[in-house]
């Protein structure tokens, strides 16, 4: 016979509850004040709640968030956390799968809730998974970054909140990196594949974030296999990605251009990871160094490396080029 037991809670499990708060937690709109367990305390009174089984307590918590899908998801996460990191990880993967399957457009009114949901997932990884199992946390963050295409395709990220959450995930990977143990050869291959398919910049900064995991030897090897990959003729699978989308250029040219962009991004990340400003500059022509976005980026790297005179030279050339464009415009 089926059971109505809430997700992540077994019939025989019980929860040792701390003393209840003085004031009952309450919810207004889409935010619960305090934790869900505190909300449950406020709903039933101290003596009753401290003797509730885990199953009944979970049912009470879920009743408090009835009618709000977002709060129900958060409640399930909180209840899974009571059971342990493995249960939270399983619940996170289910949520990731749900986000990948979703197809409805998220307008600006609902985007804030989506961002809050994504931030909540990151918080669960950081606070519940990472302390006990950094390798599992790394894998979950890797999966989180792979949500970027499906999320970006459903909403307008002109103001950057979605991209900002992805950057937070990369920052968290950098924080975990010293405690993570991965197969370095396998990781470098995963990194190349991820960069090749990253259409929204979600893996930008990933190499500096994982340099302690990759190691300098594997980082150099990553650059080598990337160079081989760039000149390798496109596969049928790669060509198929660019067919039928009305591109002006051929599918072959589109694949080649994407490989060049990927190469540039990996070299930039590798240069950052190795503190190699010259390698970063070598990616650009003299003319490109006069472009506002490129010139200012290289200038900052020069300043960070203490090469003030060279940074000043780049700025001067960029300003001269800009002044020349302005003169030509008004002739």
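Where a number appears in this text, it was derived from the coordinates with a stated rule and is not lab data. A quick note: this is a predicted structure, and the numbers were derived from the prediction, not measured. Positions of Cβ are backbone-derived with ideal geometry, glycine not excepted, and every protein chain shown enters the neighbour counts.
Between residue 322 and residue 264, the FRET efficiency from the beta-carbon distance, with R0 = 22 Å, is close to 0.45. Taking Cα centroids, how far is region 269-289 from region 296-315 in Å? Taking the Cα centre of each part, region 269-289 and region 296-315 sit 12 Å apart. Here r is the Cβ-Cβ distance between residue 132 and residue 97 and R0 is 22 Å; the resulting FRET efficiency, rounded to 0.05, is 0.45. For the pair residue 104 and residue 284, the difference between a 0.36 nm per residue extended length and the Cα-Cα distance amounts to 60.8 nm. In plain terms, the chain from residue 216 to residue 143 could stretch by 23.8 nm, reckoned as 0.36 nm per residue minus the Cα-Cα distance.
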